[in-house]
Amino acid sequence: MNIAIRNPVPLRREEGSVQVALDPTDRIETAKVFAVYGKGGIGKSTTSSNLSVAFSKLGKRVLQIGCDPKHDSTFTLTKRLAPTVIDALESVNFHSEELRPEDYVVEGYNGVMCVEAGGPPAGTGCGGYVVGQTVKLLKEHHLLEDTDVVVFDVLGDVVCGGFASPLQHADRALIVTANDFDSIFAMNRIVAAIHAKSKNYGVRLGGVIANRSAKTDEIDRFNDAVGLRRLAHFPDLDVVRRSRLKKSTLFEMEDSPELRAVTDEYMRLAETLWAGDDPCEAVPMKDRDLFEFLGFD
């Protein structure tokens, strides 16, 4: 497949701010693409990295793209903080034709390819620029042609158009949530953002991943009310905490019945997502309605 190399969208700095104009023609068309969202600190990177490994153990060629300026999405896969796309671009004064794949792509555990988009310094602009440039670089270097699955791990809540930019490329958006008020409140906002993006792009809601929760009753009640479904459930286990400290995915930890149950759930989730199913036709609640809905026994 021939991919035309376009000049990168220039990074414009105005009054100390990094601005971005996204190119609506840039789409990932050669892989199944999943964008993982959820409240900040809910475990999106842990979920994304272990899901990427599960896809790879199904024999799929996997690429994970971290979309957080902290660039720590893939460290359990690579055992280090990988170089970022924004740093690589700055090193060549944003002449992307001077970059090589090894300047910004790192191979992680079980062959998962890892990219950290990075981002502008805090308070100076839009992270969506780097997401767009990352996809362009991957296309220019023909890396997407040999990829079966792309997993975007996206910063925190959907707070602006820039961090919603992965939805331009995704087939399915997945929401990670805990069984508590704040997580479900954030999930409702994310549903609204995905609903808005789906009017112009092909992204649809894939479902909900319950994380760090012994129970899922509030999640399930919300799902039933708005039209979502739970795809997987990962309880709050010490082995997950220890895997992060060891800079390892769960699939690399010492075997135990507890661990096997978690990795089996990841494998089941990967198989479900790869097989594909109908999207969730969810309708988000108004904030005040959700406030009244949540938190009552």
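Key figures for this structure:
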{"item": "Index of the failed condition, residue 257 passing every other in (1) touching a Phe, Trp or Tyr at 6+ places or on another chain (Cβ under 9 Å); (2) without any contact (Cβ under 8 Å) to a residue 40 or more places away in the chain", "result": "(1)"}
{"item": "Output for region 87-109, where each listed residue is closer than 20 Å to residue 44 by Cβ and either of a type outside the set (Gly, Ala, Ser) or free of Cβ contacts under 8 Å to residues at least 24 places away in the same chain (or both)", "result": "106, 109"}
{"item": "Failed item, numbered, when residue 283 is tested on (1) without any contact (Cβ under 8 Å) to a residue 60 or more places away in the chain; (2) touching a helix residue (DSSP H, G or I) at 6+ places or on another chain (Cβ under 8 Å); (3) exposed (fewer than 13 other Cβ atoms within 10 Å of the Cβ)", "result": "(1)"}
{"item": "Tally, over region 32-66, of residues that are under 18 Å from residue 177 (Cα atoms) and in contact with a helix residue (DSSP H, G or I) (Cβ under 7 Å, 6 or more places away or on another chain)", "result": "11"}
{"item": "Pick from region 240-265, criterion closer than 29 Å to residue 295 by Cα and out of contact with any strand residue (DSSP E or B) (no Cβ under 7 Å at 6 or more places or on another chain), ranking: least open to solvent (accessible area, probe 1.4 Å)", "result": "240"}
{"item": "Unmet requirement for residue 158, which otherwise passes all of (1) of a type in the set (A, V, I, L, M, F, W, C); (2) touching a Gly at 6+ places or on another chain (Cβ under 8 Å); (3) at pLDDT below 95", "result": "(2)"}
{"item": "Residues satisfying the stated conditions in region 166-183, i.e. charged (D, E, K, R) and either open to solvent by less than 10 Å² (accessible area, probe 1.4 Å) or not in a strand (DSSP E or B) (or both)", "result": "171, 180, 182"}
{"item": "Those residues of region 184-237 which are open to solvent by 50 Å² or more (accessible area, probe 1.4 Å), in a loop (DSSP other than H, G, I, E, B), under 22 Å from residue 277 (Cβ atoms) and touching a Gly at 6+ places or on another chain (Cβ under 7 Å), in sequence order", "result": "229"}
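The values are calculated or read from the model by the stated rules, or taken from the named source; none is laboratory data. Not measured: the values here are computed from a predicted model. Note: ideal-geometry Cβ built from the backbone for every residue, glycine included; neighbour counts use all protein chains shown. Just so you know, the surface numbers come from the protein's heavy atoms only, side chains and all, with ligands and any DNA or RNA stripped out. Shrake-Rupley method; radii C 1.70, N 1.55, O 1.52, S 1.80 Å.
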